[in-house]
Structures are given as C-alpha cells and as structure tokens.
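K.L.:
The structure's right below; bear with me while I get my questions together.
The values are calculated or read from the model by the stated rules, or taken from the named source; none is laboratory data. From a predicted model like this one, the values you see are computed outputs, not experimental measurements. Here Cβ is always computed from backbone atoms with ideal geometry, including for glycine, and neighbour counts include all displayed protein chains. Heavy atoms of the whole protein, side chains included, go into the accessibility calculation; ligands, DNA and RNA do not. Shrake-Rupley method; radii C 1.70, N 1.55, O 1.52, S 1.80 Å.
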Amino acid sequence: MSQNLFAVMRDHVVEALRALLPQLTPEHLIRVEVTPARDPAHGDMATNAAMVAAKPAGQNPRALAQSLAERLTAHPLLQSAEPAGPGFVNLRLNASALLDQIPVILRAAEGYGDGTVGAGVRVNVEYVSANPTGPMHIGHCRGAVVGDALAAVMAKAGYEVTTEYYVNDAGGQVQALAWAAYWRYLQAIGSTITAEEFDAATPTGLQYRGEYLIPVGRSLYEHFGTTLATADLAIADPSLWFGPVRDRALSMMMAEIREDLALLGVRQDVFSSERALLESGAVDRAIAELDAKGLIYEGVLEPPKGKAPDDWEPRPQTLFRATEFGDDVDRPLRKSDGSNTYFANDIAYHADKIARGSDVLIDVWGADHGGYVSRMKAVVKAVSDGRVPLEIVLCQIVHVMRGGQPVRMSKRAGTFVTLRDLLDEVGRDAVRFTMLMRKSDAQMEFDLDQAVAQTRENPVFYVQYAHARCRSVLRAAGESLGAAAVTPEALAEADLTGLDDPQELALIRRLIAWPRLVEGAAMAREPHRVAFFLYDLAGEFHMLWNKGRDDSTLRFLQAGDEAGTRARLALVAATAIVIRSGLYVLGVTPAEEMR
RNA sequence: GCGCCCUUAGCUCAGCCGGAUAGAGCAACCGCCUUCUAAGCGGUAGGUCGGUGGUUCGAGUCCACCAGGGCGCGCCA
C-alpha cells in the first residue's frame, strides 16, 4: 500500500464519485482533492469532491456530499464519512488505520515520504552559476540553498534529477578578471606601478580590486617568475601572458567557489563551461538552427520608452524573434564587436541541456536577472519546439540584519558579506534552514542574532532540538530495555493501542502528512514548505513533551509499563525518522544532542 | 514610460495550483516555574488579507485598474 494515506483515500473518493456520476470527465476528477482536516473536530481528512462535481452533475453540492459520504463509509480504513459545510465530506480514520502508519514509517526509515509523482521525468536543476570572478557572497547563497533543496525534494518525489552549475568562464568579465589578476601578479613580483596607472593602461579598467586575488598573483609569480612582465617589471604585451593568467585565475576562483559550496553542503553533479561550449562551436550551431527555423533576422530595436539612454543610436543587430514566443521585444545575439551576447551563449547552453536528455529545465536565478526570464523561456520553447518547459525560480534579495540594524554591504568598499563569513558566524545548518524559511520569491531579512539563538524563535534550533530530544529518549530507553528492544524493527512490532491522547494523535496526523507534503513541495517547486513542515512537526512533538510535565502518564518512559513505553518509543522513533527525512532534504544535520 | 516580483496581526512571515471560523513565532497582557521532561510552560487579546471593481455557489488565492516597496529595461553576466 502506498505510504501516502491521502493518495489512498483520494483514489477511494474518485472511485466512489465515478460510480455515482459516470458522466464525469477526467478534467472534473483531477480537481478532486483529499486534504488534511484543519480542525480535529472535522476528523482526519476532508474532500471537496462533491463541490467540484456538483456543477457538471447539475446537483446540489450538499445533497451530493450526503450520497457520496454514504458510499465512502464502507472503506475498511474509515470510521466515518460525513457531509459538512457547503459540501465537504469529512473523513475520520478508524483508530488502527492511523496507528498502523507508525510501523510503516519505522520500516521505511528515511525512505518514508519517497514518492512516485516524478517517476520517469528527467529534470535538470541549474543553480548558483556565480561568475568565477570572486568569492561567493550572501546573494549567491540563497540560490545555492534553494536550488539544492529543490533538487533534493524533487528527487525524493521520484524525479530523475541532475544538478548543474554553469561556469561563466567566457566574456568580458573574465577578461577583467585576468587583468585584475595580472595587477596582483605585478605587485607580487615587486613592480612599482600604481593602481591608477594600471587602471588607465587596462582596456576594461581595473575592476576587481578585492584582496582575494593576491594569492593568484603570488601563485603566478611562483610558477612563472618574472617572465610574464617586461624586464623592468611593467605591463607586458597581453599576448605574452593573457592566456596563462586568465586560466590560473579562473581555476583558482573556481576552486574557491567549490570549496565554499562544499562548506555549505552543496554538491552539484555537472559543471558546464561556457568557454568549452563556445570553443566546440555549439553556439554557432544553435544559432544556425534557429536561423533555419526563420527565427533570426537583422533589425533595429526601438529605444525603451521613457528611459532612452543618452548615447542611444539606432543600430542594425542580429535579433532572435522572441516576440513570437511571448516576449516583449526581440533580443540581440551579437555585440557591436561581432562577439556573442551572453544570451546567445545561453541559448547554446540550454540547447545542450535539452540534448543531454531533460524533460524539464529549471533555472534558479537571482532577482536581478528577472528581466531575462521571458527571453530565455521564449528561446527554450523555440529550440525544443515547445517540448521542454523552462521554469525559472527567482530568489529575491536577502538583507542581513544584526541587532535589528541592516548590515551594510558594498562591494566597492569590500564590506559585502561573503558566504565564508556567514558560515563562520552562524554555521551551515542555520544558514541553510534560515534561507528556506521564506518563499524564494519574497525578499527576506536574515537575522544573524536569530540564526544563532537557542530558543523557539530560531527554527533551526527548534527542529534540531526536537530530533535531539527523540534521540535522547531512545538512548535512555536503550539503557534500560536493551539496545535491541529500541531498534526501529523491534518497535515496529509494538502494540500501539495505548496511544490515544489527543496530542499523541495530533503528532501522528502530522507524521502521515509527510509523503503528501513532499509531493506538493516538489510539484510546486517550493522547498520552503519542507522547512515549515518540520517547524510545525517539531512544535507538535515539543507540545507532547511539555504535556508530559503536567501529566506524567504521557511521558515516554513509563517505569513498570513496558508495553506502554514501547508504544510511545515507537511514536518517538517515527518522529525522529520523519524529522531526519526532512532535514536530509534540506541538507541540515539531524543533531543527536544539543550542547 | 514599460515588464516582472512583493504588500496578510505592532514586528518577521505561513496560508498546500478557488473551499469551512485567515494561522505561527516574537512583542503585549494574564497565570505558572522549591520537585517530575523548564537553554521555560499554559492562556488571552490582536487582522475590512494595500485600495476599488469584477468572475464564481464560494476569493487572501483568479482578472482589471489604482497606490506603495523591490528588481530590471540594446554591446555586463
């Protein structure tokens, strides 16, 4: 039987509805849902079936709910099915149906909640893709965590997920990086050239002035001595040094980024190089294919209304007919110097992802790329002839707060918060969990004080504490009953009939909602739902724990009542499993104890 | 000027592709905490869901317009 009781009951409801009203079409039936009851007084679950069927059937929803309820009641898992409100049918599971899910959880272990909604669907999730021109900062961090958790929850729901990082190692910013690294190289070999002089002598200006390039300059000196400069330690002709300097700078920056990702617990399957794509001719081929479809032309764009740049001048450009696929304006593929725009290269990159075998592409981007969404969706539609959808998850800005005040960030002043700084200050688990306590498309405040607080205000702490409490109870039980008696396998055999307190049942109801939540979060591409679920689940567990303070019969370890103890331990072990299963999706450590 | 995102309790935010009386934490107020499982616990109060129309049996959720905040707007990525 499916782990997902809601799916089981939904099948039952749909079957009963079809028997009642054979004329209903699949379009009607797809709207039928079985959801957790909001109020325990309503039972365990509710279905909207009668309301969605009322109109096509030409019947009164309440009357339909009445006859549907009569048919549903026969199900062996149900104690009752009753019409309610405007046409809901409230479903109440019989006591054993609820309790029987505990051994299901214990036997499935961390695999509890694994689903099949994504079975057979190959998804490519691309995230981070920070330019290798400097260390990762807090802005990249949100995308990294969201992408990683999204990939994990989709994998848990059964999708075949590939995670990917697109390395922008071509283009003007890389050129600027090479010059900036060369500047640090000249410093390393003892050149007396000043920043101002260097800036003036550089085609792109001296852009990246952060100290993080000093080790690159030093490394260049160690490998090449002074051979990359003129005899008097001044700027040599770029043809003598540009390639080696660029390559070393890129590889060292990527190494640093990979180290940052590792510290954050992010591990992507594929790293794709923009330069490799370019050199393989893939970009030319992709453009040629669009050209063959008649989607490329030479044209002149109108200046944006109301905000025409001062230096605007009409200019013929190579354009992609994005407007044929829903974009506002056709988009340029070539710069005035004849090289490709970033967009052109990105077309080839997405075509490559499709060619490697993806049914769905998901890109996780920062909000500053929002204006890029419609053209990218347009071109993916064009390239794949509409077969492969591109979905974009936009992550809005993160404001870092300390002591109720915003932490000011300025890249120019070098005071921006690097990912490394953030990890050093609050730790990986807090960074990841906190980033997921907001919808990705809403701006968020990252409160440094809250992220390290050891109180209920801090969701990371609260959830990890719940898990640690579970583990602590099981450890204590192992000492008195023997380790073999408290394994999940042993507890799966426990007689659970003693679990009947409303708070115990509330906890169980929360546990059995996990498979459904995984499914919903994966389909909606909303990993933050997992974090909120865990917070609520932890709350339910802590509430039961606290209730045991006033009512000692609710404590997990009952001296002299081994059967009752074992039943409660089964519940505790199942709770620990679900928390662990969820934390695994988020990439957060399930703490064994709090110190 | 145009496009996209956001606006829910004093504050920070949920609200599960339209469903029942809109939820949580913090702050506020009341009570509890010599002992049991207290890096506290229980409870109360607090919202015309930015505004105005519309679609619907039903709208915080969908549509239109307006207001406020954010991100963008031909060669950056």
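K.L.:
Between A:Arg258 and A:Glu110, what is the FRET efficiency for a Förster distance of 25 Å, r being their Cβ-Cβ separation, to the nearest 0.05?
P.N.:
Working from the Cβ atoms, E equals 0.40.
K.L.:
Quick one: angle between helix A:459-481 and the longest Cα principal axis of chain A, in degrees between 0 and 90, rounded to 10, please.
P.N.:
Rounded to the nearest ten degrees, it is 50.
K.L.:
Using a 1.4 Å probe on the protein chains only, how many percent of the accessible area of chain A belongs to carbon and sulfur? Present the calculation step by step, with values, prior to reporting the outcome.
P.N.:
Values: 13580 of 27100 Å².
On chain A, the fraction of accessible area on carbon and sulfur atoms equals 50 percent.
K.L.:
Looking only at the stretch A:329-347, which residues have a backbone nitrogen under 17 Å from a spot 7 Å from the Cα of A:Ala355 in the C-beta direction?
P.N.:
A:344-347
K.L.:
Related question: With axes computed from alpha carbons, what is the tilt in degrees of helix A:342-355 against the longest principal axis of chain A, rounded to the nearest 10 within 0 to 90?
P.N.:
Roughly 50 degrees, rounded to the nearest 10.
K.L.:
³J(HN,Hα) across the stretch A:71-76 via Karplus (A = 6.51, B = -1.76, C = 1.60, θ = phi - 60°), whole Hz, x for Gly/Pro?
P.N.:
Per-residue couplings from phi come out as 6, 6, 4, 5, 4, x Hz.
K.L.:
Still on this structure: Would you mind checking the tilt of helix A:138-156 against the longest principal axis of the Cα atoms of chain A, expressed as 0 to 90 degrees and rounded to 10?
P.N.:
40
K.L.:
Right, next: Could you give the length gained on full extension between A:Met594 and A:Gln454, defined as 0.36 nm per residue of separation minus the Cα-Cα distance, in nm?
P.N.:
Working: separation 140, 0.36 × 140 = 50.40 nm, distance 0.96 nm.
Extending this stretch completely gives an extra 49.4 nm.
K.L.:
Based on the Cβ-Cβ distance of A:Ala484 and A:Arg420, what FRET efficiency does E = 1/(1 + (r/R0)^6) give at R0 = 60 Å, to the nearest 0.05?
P.N.:
Numbers: r = 45 Å, r/R0 = 0.75.
Efficiency, from the Cβ-Cβ distance: 0.85.
K.L.:
Ok, one more. Of all DSSP beta bridges in chain A, what percent run antiparallel (nearest 5)? Spell out each step's value before the answer.
P.N.:
On the way: 23 of 46 bridges.
Once the DSSP bridges in chain A are tallied, antiparallel ones form about 50 percent.
K.L.:
Spin-label point model (7 Å from Cα, Cβ direction): what's the A:Ser472 to A:Ala292 distance in nm?
P.N.:
Placing both labels 7 Å beyond Cα along the Cβ direction yields 6.7 nm.
K.L.:
Return one whole number: the accessible area per residue of the stretch A:5-93 in Å², for a 1.4 Å probe. Display every interim value, and only then the final one.
P.N.:
Working: 4480 Å² over 89 residues.
In whole numbers, the stretch A:5-93 has 50 Å² accessible per residue.
K.L.:
Excluding ligands, DNA and RNA, what is the solvent-accessible area per residue of the stretch A:456-586 at a probe of 1.4 Å, expressed in Å²?
P.N.:
Numbers: 5200 Å² over 131 residues.
It amounts to 40 Å² per residue over the stretch A:456-586.
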